[in-house]
Amino acid sequence: FFLPPADIISTVEFNHTGELLATGDKGGRVVIFQREPESKNEPYNQGEYNVYSTFQSHEPEFDYLKSLEIEEKINKIKWLPQQNAAHSLLSTNDKTIKLWKITERDKRPEGYNLKDEEGKLKDLSTVTSLQVPVLKPMDLMVEVTPRRIFANGHTYHVNSISVNSDCETYMSADDLRINLWHLAITDRSFNIVDIKPANMEDLTEVITASEFHPHHCNLFVYSSSKGSLRLCDMRASALCDKHSKLYEEPEDPSNRSFFSEIISSVSDVKFSHSGRYMLTRDYLTVKVWDLNMETKPVETYQVHDYLRSKLCSLYENDCIFDKFECAWNGSDSVIMTGAYNNFFRMFDRNTKRDVTLEASRESSKPRAILKPRRVCVGGKRRKDDISVDSLDFTKKILHTAWHPTENIIAIAATNNLYIFQDKVNSEMH
């Protein structure tokens, strides 16, 4: 899907069945794609995703007290588990979270007693008999309505929202605080984490992401710019300033450099579907942590180690502050994350094989097979290799999502959305 340049995609999220896929963009719009049912004639042509609904979720605002513009960019979208025929999702920009309801209408009532076909009121003296209105089929209409607006909960920019497994509450996190909301109550939230120091000059780290545990409604994790993870238990105390567990990898002094602290900042954290592991992404690596082991990750994968020598120029062009996301496949056996040059990486946890693939217009022709790409660092170069110096740092894949059960992935490459699917579920690509 190729979208106009203003529509740089800022978040991608499958719903719980994988039938719907939502993207948010910098213009405050949400586009929902729906998977078409499989056709019986072409069993291999599994349902493709087509645009289902588009709506304006957020508008630019101005904070008069702080003289700050609040941009409309959608930071995160989270689907709520489906309770009835309607779908619901939360979307947030830097400040305001909104709950949207998505419903379908394919029938309309006809035969009113007091109105004519145009909807104008009839002259009551001409109404001589009563008629029973009937429902007639009509073209499918998808209606999106704002159900609730959760405002005024954050002083700083909201970086994550996460729906709890109790399906009644959700949390939102900004740089210094995490709030717990009830989905039915908009005028107040409960502050569950506050790391703001009494004196802002003592500030040493900020919250970068947070997520609820998939099965235990009392547990959540948040990551920090210092590279640590804190697991909190809401049963222990109402204000979770004291974490239950701290996951941190001691730094190797031989690798210490000016950039160490910047590149160790965790940009994303995701619980595995099983709830046993956590996946984190920092600038150069993805790590898998076991909830039962705080001292170091159980697995570390190099995403683009060849950039170590380039950190100076990446700092100068601000790329070193890019926030890459990461994702698990449905069975927690493969992990995926983005890189530069429109590359994305997959790591198979069982075979320890990894692959670099490229999301590009050439590879997006239907049924095209993605060829693995290689980046070479000095020395001999093979035919299809790309040298580090020719990588395009303006093309970056920050946002990715994996279908909850199937090998279908959604990749946001600036203003293009790519959906790849595995033909025969054998390989990772």
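The values are calculated or read from the model by the stated rules, or taken from the named source; none is laboratory data. Predicted, not measured: the structure shown is a model, and the values here were computed from it. For neighbour counting, all protein chains shown are included, and Cβ atoms are generated from backbone atoms with ideal geometry for every residue, glycine included. Quick note on the areas: whole protein, heavy atoms, side chains included, nothing else; ligands and nucleic acids left out. Shrake-Rupley method; radii C 1.70, N 1.55, O 1.52, S 1.80 Å.
Given the structure, is H182 assigned by the TED database to the domain that holds D332, in contact (Cβ under 8 Å) with a residue 60 or more places away in the chain, open to solvent by 50 Å² or more (accessible area, probe 1.4 Å) and within 29 Å of T54 (Cα to Cα)? No, not satisfied. Taking first residues from the range 244-264 that are in contact (Cβ under 8 Å) with a residue 60 or more places away in the chain and partners that are assigned to a helix (DSSP H, G or I), the Cβ contacts under 6 Å between residues at least 6 apart in sequence or on separate chains come to F259/L311. On the stretch given as the range 228-253, residues that are open to solvent by less than 40 Å² (accessible area, probe 1.4 Å), of a type in the set (S, T, Y) and farther than 17 Å from T204 by Cα total 1. Considered as a group, the residues in the range 188-198 that are without any contact (Cβ under 8 Å) to a residue 24 or more places away in the chain and open to solvent by 70 Å² or more (accessible area, probe 1.4 Å) include one that is farthest from the chain's Cα centre (by Cα), and that residue is A198.
Pairing residues of the range 337-348 that are more than 14 Å from R281 (Cβ to Cβ) with residues that are among the polar types (S, T, N, Q), at Cβ distances under 7 Å and at least 6 apart in sequence or on separate chains, gives N342/S360; F343/T356; D348/S333.
Consider T145 carefully, then state whether it is surrounded by fewer than 16 Cβ atoms within 10 Å (Cβ to Cβ), under 30 Å from R105 (Cβ atoms) and of a type in the set (V, I, T). So T145 fits the description; yes. For the range 199-219, residues that are open to solvent by 30 Å² or more (accessible area, probe 1.4 Å) and aliphatic (A, V, I, L, M) total 3. Being of a type in the set (V, I, T), under 24 Å from D194 (Cβ atoms) and at pLDDT 80 or above is a property that V144 lacks.
Residues in the range 65-95 that are at pLDDT below 95, charged (D, E, K, R) and under 18 Å from I32 (Cβ atoms) were compared, and the one that is nearest to the chain's Cα centre (by Cα) is K73.
Look through the range 96-115, keep the residues that are more than 30 Å from L20 (Cα to Cα) and surrounded by 11 or more Cβ atoms within 10 Å (Cβ to Cβ), and return whichever of them is nearest to the chain's Cα centre (by Cα). Outline the logic, then answer.
Taking the range 96-115 first, the residues more than 30 Å from L20 (Cα to Cα) are 110-115.
Filter once more, keeping what is surrounded by 11 or more Cβ atoms within 10 Å (Cβ to Cβ): 110-113, 115.
Working: E110: 42, G111: 46, Y112: 46, N113: 49, K115: 47 Å.
It comes out as E110.
A Cβ distance below 7 Å, combined with a sequence gap of six or more or placement on separate chains, defines the contacts here; from the range 214-227, residues that are assigned by the TED database to the domain that holds V266 reach residues that are part of a strand (DSSP E or B) and charged (D, E, K, R) in the pairs N218/D233; L219/D233; F220/E211; V221/E211; V221/R230; Y222/R230.
Is it the case that the range 55-68 has a residue that's within 24 Å of I9 (Cα to Cα), among the aromatic types (F, W, Y), surrounded by 11 or more Cβ atoms within 10 Å (Cβ to Cβ) and touching a strand residue (DSSP E or B) at 6+ places or on another chain (Cβ under 7 Å)? For the range 55-68, residues within 24 Å of I9 (Cα to Cα), among the aromatic types (F, W, Y), surrounded by 11 or more Cβ atoms within 10 Å (Cβ to Cβ) and touching a strand residue (DSSP E or B) at 6+ places or on another chain (Cβ under 7 Å): present.
Go through the range 206-230 and count every residue that is in a strand (DSSP E or B), under 17 Å from D174 (Cα atoms) and of a type outside the set (G, A, S). Spell out how you get there, then give the answer.
Going residue by residue through the range 206-230, those that are in a strand (DSSP E or B) are 207-212, 219-224, 229-230.
Filter once more, keeping what is under 17 Å from D174 (Cα atoms): 207-212, 220-224, 229-230.
Next cut, of a type outside the set (G, A, S) only: 207-208, 211-212, 220-222, 229-230.
Residues flagged as in a strand (DSSP E or B), under 17 Å from D174 (Cα atoms) and of a type outside the set (G, A, S) within the range 206-230 amount to 9.
Note on the range 82-111: residues that are in a loop (DSSP other than H, G, I, E, B) and outside the structural domain of S10 (by the TED database) total 1.
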